[in-house]
Amino acid sequence: MNKTLKKVLIVVGILAVIVCICIGLSSRKIEDFSAKYADADLTEEIEGMERVGAYTGYINEHAKDAYPQENVEVSLFDYQSTGEVHKESVASRDGVFTGTGSEITWNVNVKAAGMYQIDIDYYIPESRGVPAERTVLVNGEIPFEDARNISFTRMWMDGGEKKIDNQGNEIRPRQVEYFDWQSAFFRDDMGFVAEPYVFYFEKGDNTLTFVADNEPMILSRVELCGVKETPSYEQYIANNQGSEGTEAAKTYLEVVQGEDSTLRSESSLYAKYDRSSPTTVPNSVTTTVLNYVGGEAWRASGQWIEWNFEVPEDGYYNITVKARQNYARGSVSNRSVLIDGQIPFKEMEEISFGYSNDWDCITLSDGDGNPYKFYLTKGTHNIRLEATLGGMGAILEEMEDSTYRLNQIYRRILVYTGARPDVYRDYHIDTTYPEIMKAMDLEAKRLYKIVDDMVAYSGQKADNIATAQTIAQQLERFIEKPQKITTEFVTFKDNITSLGTASLKMSETKLDVDYLVISGTDAKVKKDKANFFTKAGHEIKSFIASFFVDYNSVGDVYDENSSDKVVKVWVLTGRDQGTILKSMVDDDFTPNSGVKVNVEIVDPGALLNAVLAGRGPNVVLSVGADQPVNYALRGAAEDITQFDGWEEVLSHYSESSYEQYRLDGHIYGIPETQGFNVMFYRKDVLEELGLETPQTWKELIEMLPTIQGNNLSIGIPTAAGSSGAAAASTSIMSNVPDLSMYFSLLYQYGGDMYNEAGTKTTVNTEAGVKAFDDYVRYFNDYGIPTIYDFVSRFRAGEMPIGVAPYSTYNTLMVSAPEIRGLWDFTLIPGTERVDANGKKYIDRSDFITGSATMMIATEDEELRQNSWEFMKWWANADTQVRFGREIEALLGSSARYATANRDAFENLSWSADDIKVLSEQWDNTVGIREVPGGYFTGRHISNAIRKVINEKVDSRETIIDYSILIDEEIKKKRIEFGMPVE
């Protein structure tokens with residue numbers, strides 16, 4: 001046998017083995033765990049592990065109560081109230097206006113005791129543009145925790161026709177709010193409970209109270225409704241007997257493009273463009289064409305998009321949706337279908353779209369493939385697709401509850417063993433805490449059932465649900481060999497975190513819609529499906545176009561060498577931010593001002609070289625807080641106080657926000673974003689420990705023995721590195737120290753960073769030395785960790801108190817749904833001081849920093865004035881609000897825009913209570929001036945802190961020694977720039 005034939009046979013043999021393995025894996029039966037929990041009572045609660053106040057528990061408490069069918073209308077204008085409540089007429093209806101922070105109570109007489117849904121007609125007037133939130137009280141009590149902050153959506157629409165830029169690309173119109181009456185039930189915002197909430201009312205007199213947590217709302221109807229079943233398809237057809245219609249109706253066909261939606265629940269659900277598929281309609285490989293709707297932004301339960309359509313006469317019609325769900329392999333995205341505001345029959349409560357890389361044309365049909373017939377009268381109708389979790393909701397609720405109980409188990413063991421147990425010691429956990437072993441056994445069974453339920457629902461075992469199986473198997477090992485608890489304790493915590501993350505990912509129900517088809521029962525609907533040849537042709541055209549089309553250009557691109565003075569703006573953050581900014585410039589700034597703008601997305605490291613080479617921008621966004629003054633020292637930044645209207649622009653910002661951009665009476669930047677610390681705390685853990693939220697550092701230190709005595713800890717920012725960074729979960733120090741807490745202490749103690757002239761540091765004064773000494777003592781004497789992952793520890797209850805940037809709020813809201821309602825944030829601890837009148841007060845000074853918008857120096861006066869016009873527009877509250885909403889819609893609430901504009905901040909998606917706390921802390925913020933050589937200050941303070949923590953040297957001598965080095969560098973730089981040194 002020659003060598004060539006031998007090689008061919010070997011290759012064929014290997015391929016055959018691979019094919020056999022793949023066939024074997026694909027045909028492998030999905031494991032069934034039902035035997036593990038068949039005889040178990042999964043509703044049993046273990047004392048200390050149960051979740052109090054959940055809706056499921058509330059329903060179980062009222063399991064034997066009736067569900068009356070009669071509706072009870074509330075006498076709307078017979079109410080008692082506090083706050084801003086009054087009668088008001090709007091859009092042809094009389095109603096009751098309820099302002100933010102108000103409470104309104106009605107007496108409701110109920111003939112039959114039982115469970116009722118609450119249905120309202122509401123109108124949200126122009127305000128901050130965020131959803132309204134209401135808390136429900138029945139007979140003076142909140143029935144369950146999820147009855148707090150129930151959300152009611154606004155309505156949005158296109159503010160005009162789409163435009164075409166000078167590159168031939170379509171630009172979507174800006175989103176404007178549409179004001180009208182809406183009807184809605186009080187229901188679960190997370191979507192875990194598909195049906196509206198039910199509330200128990202006694203027979204006779206009851207009170208019903210709405211607390212306005214967020215945004216004003218006008219009510220025209222409040223009604224207690226009996227729970228009624230949506231009719232089945234068979235009942236729907238029986239109730240809508242009509243003629244089949246004429247031949248024209250039977251063959252009627254209308255295509256409604258997804259991008260032409262008329263209304264939507266959020267401003268982020270606007271038209272988008274896709275050039276990845278040859279079947280997207282319309283299609284272009286050379287220009288941007290708006291051709292679908294949905295995407296990443298359409299991911300949360302309750303979000304909806306609505307389209308109008310017409311039918312020529314009464315009769316039956318079919319509905320086809322061309323959609324794509326290529327976001328979650330092994331999962332489905334669900335939508336409810338509403339026609340003219342109502343779900344026509346039960347089967348429309350949940351339409352599932354499975355995973356597919358390309359578009360699918362799905363005709364709404366029964367299990368046998370028979371299209372559903374929708375009876376429609378002649379004229380205009382609307383169809384709404386609303387995101388829902390459907391059958392997944394109950395499973396995900398179980399996962400969330402399981403994550404909570406697992407954290408409770410983890411924390412109970414943590415109190416006994418510490419975060420890193422001695423693997424060579426037998427803690428006898430099985431005999432010391434038998435209830436924990438019982439809870440582990442029960443939770444393992446629950447997790448196995450969750451796995452089985454999810455597999456039964458989706459038809460396959462997705463990666464996300466595999467985490468539940470991993471923890472169940474780990475719990476079984478713990479039960480079989482309790483000594484493994486200590487050896488696997490760290491991985492146990494990591495697995496719990498992974499389960500919470502998996503639950504979050506699975507709750508996202510993303511979907512794209514290309515178009516909908518309304519067709520007569522005899523019409524032939526073309527099913528767009530790409531084949532090999534159409535895909536190949538599309539890729540070839542795209543490849544050829546890539547040689548001629550600049551896909552990186554954003555919006556209108558102008559010739560900078562023309563007679564028009566074109567402002568070049570550099571964005572240093574990312575393409576998403578640049579794209580949103582350019583679309584705002586093209587549809588708002590340039591049409592209204594006449595100033596042309598080119599937006600470029602550039603790496604921050606390129607700025608200095610470009611400016612030195614004379615090829616830099618005119619305006620640069622999102623530069624670091626230290627940059628404006630450093631560029632100004634070298635004559636490369638413009639002083640904004642030379643321009644008209646600079647005082648009005650800065651009046652919308654806190655003085656502390658632009659303190660870093662000052663130098664010798666000049667200001668070289670406008671604040672863009674900002675960040676400061678607040679104190680997060682776990683309400684449930686503090687309550688268990690019998691502790692109150694600390695107001696001062698002294699109170700916090702007095703709490704430490706109780707917290708640390710339970711093997712818990714607190715967190716404060718540390719020079720060891722950013723506690724929120726990924727590296728913080730390891731023993732490796734981050735290169736970016738977080739000195740914010742030291743700076744805050746320095747100012748709380750009455751100190752300052754530099755003298756008035758900025759020629760020397762004052763950290764070596766008595767106030768500076770005391771602040772430094774107390775700061776390092778928190779780590780050396782009180783054992784506060786220097787390296788930690790705050791979000792993970794806070795989520796597990798291991799760190800019930802932590803000082804962290806307020807943006808951590810968004811991370812926790814998104815990544816830790818299992819502890820919602822169990823935590824909050826407040827002002828950072830302060831220092832008790834005495835004012836000039838001898839009155840005691842708490843100084844809560846808090847260091848603030850951020851990024852800025854800076855104008856690069858130019859000799860061209862017209863270009864300078866055009867750049868200033870752009871900066872004024874960009875700093876405007878309306879512009880900042882729009883940018884903030886769009887970036888949050890695109891990247892998610894964890895990326896909420898931290899605008900420095902105080903007016904804009906109050907119009908972003910914060911609740912009224914959150915705004916109140918953040919505004920109060922903001923009022924106490926302090927900024928630190930940037931001085932020549934100031935880069936040495938933070939560097940050497942970090943060195944001093946690390947030296948004291950690591951080498952345990954004297955703190956006073958250390959900070960004084962390093963202050964000498966700081967002063968030497970400041971003097972050196974001031975001499976270099978020709979500035980006085982005394």
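The values are calculated or read from the model by the stated rules, or taken from the named source; none is laboratory data. It should be emphasised that the depicted structure is a prediction, and the values quoted were computed from it without experimental measurement. Note: ideal-geometry Cβ built from the backbone for every residue, glycine included; neighbour counts use all protein chains shown.
So which helices (runs of 4 or more DSSP H) are wholly in the stretch 904-982 and hold at least 1 residues that are within 30 Å of Ala212 (Cβ to Cβ) and either touching a Phe, Trp or Tyr at 6+ places or on another chain (Cβ under 9 Å) or touching a residue at least 24 places away in the same chain (Cβ under 8 Å) (or both)?
Numbers: elements: 912-923, 935-951, 955-976.
Hits in the stretch 904-982: 912-923.
Looking only at the stretch 587-602, count how many residues are part of a loop (DSSP other than H, G, I, E, B) and within 9 Å of Trp570 (Cα to Cα). Step through it out loud before you land on a result.
The first filter runs over the stretch 587-602 and keeps only residues part of a loop (DSSP other than H, G, I, E, B), leaving 594-596, 602.
Checking which are within 9 Å of Trp570 (Cα to Cα) leaves us with 602.
Within the stretch 587-602, residues that are part of a loop (DSSP other than H, G, I, E, B) and within 9 Å of Trp570 (Cα to Cα) number 1.
Just to check your reading of the model, which residue among Gly783, Gly768 is touching a residue at least 60 places away in the same chain (Cβ under 8 Å) and over 18 Å from Tyr962 (Cβ atoms)?
After applying the criteria, what remains is Gly783.
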inquiry  = Can you tell me which of (1) free of Cβ contacts under 8 Å to residues at least 24 places away in the same chain; (2) assigned to a strand (DSSP E or B) is the one Phe77 doesn't meet?
reply    = (2)
task = Answer yes or no: is there a residue in the stretch 774-784 that is surrounded by fewer than 16 Cβ atoms within 10 Å (Cβ to Cβ), more than 25 Å from Ala900 (Cα to Cα) and of a type in the set (Lys, Arg).
result = yes
request  = Go through the stretch 785-810 and give me each residue that's assigned to a helix (DSSP H, G or I), crowded, with 20+ Cβ neighbours inside 10 Å and hydroxyl-bearing (Ser, Thr, Tyr).
outcome  = Thr808, Tyr809
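Could you grab me the full set of residues in the stretch 363-403 that are among the polar types (S, T, N, Q) and either touching a Lys or Arg at 6+ places or on another chain (Cβ under 7 Å) or in a strand (DSSP E or B) (or both)? If you could, list the steps in order and put the result at the bottom.
Going residue by residue through the stretch 363-403, those that are among the polar types (S, T, N, Q) are 363, 365, 370, 377, 380, 382, 388, 402-403.
Matches in the stretch 363-403: Thr363, Ser365, Thr380, Asn382, Thr388, Ser402.
Only one residue in Tyr448, Tyr433 is modelled with pLDDT under 90, crowded, with 19+ Cβ neighbours inside 10 Å and of a type outside the set (S, T, N, Q). Which one?
Working: Tyr448 fails: modelled with pLDDT under 90.
Answer to the selection: Tyr433.
Please verify whether the stretch 918-927 includes one or more residues that are of a type in the set (A, V, I, L, M, F, W, C), within 24 Å of Asp773 (Cβ to Cβ) and at pLDDT 90 or above.
Going residue by residue through the stretch 918-927, those that are of a type in the set (A, V, I, L, M, F, W, C) are 918, 922, 926.
Subset that is within 24 Å of Asp773 (Cβ to Cβ): 926.
Imposing the further condition that a residue be at pLDDT 90 or above reduces the set to 926.
Checked the stretch 918-927: at least one residue is of a type in the set (A, V, I, L, M, F, W, C), within 24 Å of Asp773 (Cβ to Cβ) and at pLDDT 90 or above.
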message = Step by step: first the residues of the stretch 498-518, then only those that are crowded, with 21+ Cβ neighbours inside 10 Å and hydroxyl-bearing (Ser, Thr, Tyr), then the one that is nearest to Met437 (Cα to Cα). Which residue is that?
response = Ser503
key: Selection status of Arg405, more than 30 Å from Ser792 (Cα to Cα) and surrounded by 16 or more Cβ atoms within 10 Å (Cβ to Cβ)   = no
query = Scanning for something within 15 Å of the chain's Cα centre (by Cα) and surrounded by fewer than 18 Cβ atoms within 10 Å (Cβ to Cβ), does the stretch 819-828 turn up at least one residue?
reply = yes
task = Starting from the stretch 32-45, keep only residues that are outside the structural domain of Glu61 (by TED's automatic domain parsing), then list their pairs with residues that are in a helix (DSSP H, G or I) and acidic (Asp, Glu) whose Cβ atoms are within a distance under 7 Å, requiring at least 6 positions of separation or different chains.
result = Asp32/Asp452; Phe33/Asp452; Ser34/Asp452
query = Can you pull out the residues in the stretch 329-354 that are part of a loop (DSSP other than H, G, I, E, B), surrounded by fewer than 18 Cβ atoms within 10 Å (Cβ to Cβ) and at pLDDT below 90?
reply = Arg329
ask   = Looking at Glu61, Glu44, which is the one that is exposed (fewer than 14 other Cβ atoms within 10 Å of the Cβ), in contact with a Leu (Cβ under 8 Å, 6 or more places away or on another chain) and closer than 30 Å to Glu397 by Cα?
value = Glu44
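How many residues are of a type in the set (D, E, K, R) and surrounded by 14 or more Cβ atoms within 10 Å (Cβ to Cβ) when one looks only at the stretch 212-243?
Going residue by residue through the stretch 212-243, those that are of a type in the set (D, E, K, R) are 213, 215, 221, 223, 228-229, 234.
Those still in the list that are surrounded by 14 or more Cβ atoms within 10 Å (Cβ to Cβ) too: 213, 215, 221, 223.
Here the count works out to 4.
Can you name the residue in the stretch 440-461 that is among the acidic types (Asp, Glu) and without any contact (Cβ under 8 Å) to a residue 60 or more places away in the chain and, of all such residues, is nearest to Glu45 (Cα to Cα)? Give the derivation first.
Here is the first cut: in the stretch 440-461, the ones among the acidic types (Asp, Glu) are 441, 443, 452-453.
Then drop every residue that is not without any contact (Cβ under 8 Å) to a residue 60 or more places away in the chain, which leaves 441, 443, 453.
Details: Asp441: 12, Glu443: 10, Asp453: 21 Å.
Among those residues, the one meeting the criterion is Glu443.
Does Val293 satisfy the condition of being modelled with pLDDT of 85 or more and assigned to a loop (DSSP other than H, G, I, E, B)?
Details: modelled with pLDDT of 85 or more: yes; assigned to a loop (DSSP other than H, G, I, E, B): no.
Taking the combined requirement at face value, the residue does not satisfy it.
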task = Sort out which residues of the stretch 139-159 are of a type outside the set (A, V, I, L, M), within 26 Å of the chain's Cα centre (by Cα) and either surrounded by fewer than 18 Cβ atoms within 10 Å (Cβ to Cβ) or within 17 Å of Ser127 (Cβ to Cβ) (or both), and write them in order of number.
result = Glu145, Arg148, Asn149, Ser151, Phe152, Thr153, Arg154, Trp156, Gly159
task = Starting from the stretch 188-199, take each residue that is of a type in the set (Gly, Ala, Ser) and list its partners that are modelled with pLDDT under 90 and in a loop (DSSP other than H, G, I, E, B), counting only C-beta distances under 9 angstrom and pairs at least six apart or across chains.
result = Gly191/Ala300; Gly191/Gly390; Gly191/Ser507; Ala194/Gly390; Ala194/Gly391
